Amino acid sequence: MFVSPAFAETATEAASHAAAGGAEHSPSFPPFDPAYFPSQILWLAIVFFLFYLFLKRVALPRIGETLEMRRDRIAQDLDQATQMKDEADAAIAAYEQELAEAKRKAAGIAQEAHDAAKAEADAKRAEIEATLDSKLADAEERIAAIKASAMEDVGTIAAETTSEIVKRLVGSNVGADEAKAAVKAVR
């Protein structure tokens, strides 16, 4: 540690004075001594004025520039965010419009498929009905032919049975023509 010789002498004098019991009164602390107030106020005013000039000309403009840059940057960011939000809203609207268009097309395609399937089913049903109608007509013709054939056979069988019954009951022979006429009269 570096100590100047003058300071060392003052320090030793102060220590010896304190050791002596402080018999003599030391002068007051200069900042609290009223004799120094005018010079202190003058220096306070000079330092305050210089500090004020420094703040006004150097520090505050820099702070103002920084604040202005931040304000501009925030405004630019807000503008960019607004623009991005508008773009996102436009993209969402376009997406929703495309989705609605796709749903409408899908409904149209489903309706077309339904109509085509229904038309195809109707055509097949009509074809099957036509086939069944022709088969039914053929079956009815065959049934009518079988019925007519059966009725002829029934008539012949009835005539033969009648002539046999008359022969056994009465004992006389009835001709085939007479028996057929009798059967036809009963029908």
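The values are calculated or read from the model by the stated rules, or taken from the named source; none is laboratory data. Every value quoted in this text rests on a predicted model; they were computed, and no experiment measured them. Cβ coordinates were reconstructed from backbone atoms using ideal geometry, including for glycine residues, and neighbour counts include every protein chain displayed.
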Item checked: Verdict on Pro27 being outside any loop (DSSP other than H, G, I, E, B), loosely packed, with under 10 Cβ neighbours inside 10 Å, modelled with pLDDT under 90 and not polar (S, T, N, Q) -> no
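Quick one: is Ser134 loosely packed, with under 11 Cβ neighbours inside 10 Å, in a loop (DSSP other than H, G, I, E, B) and free of Cβ contacts under 8 Å to residues at least 12 places away in the same chain?
Criteria not met by Ser134.
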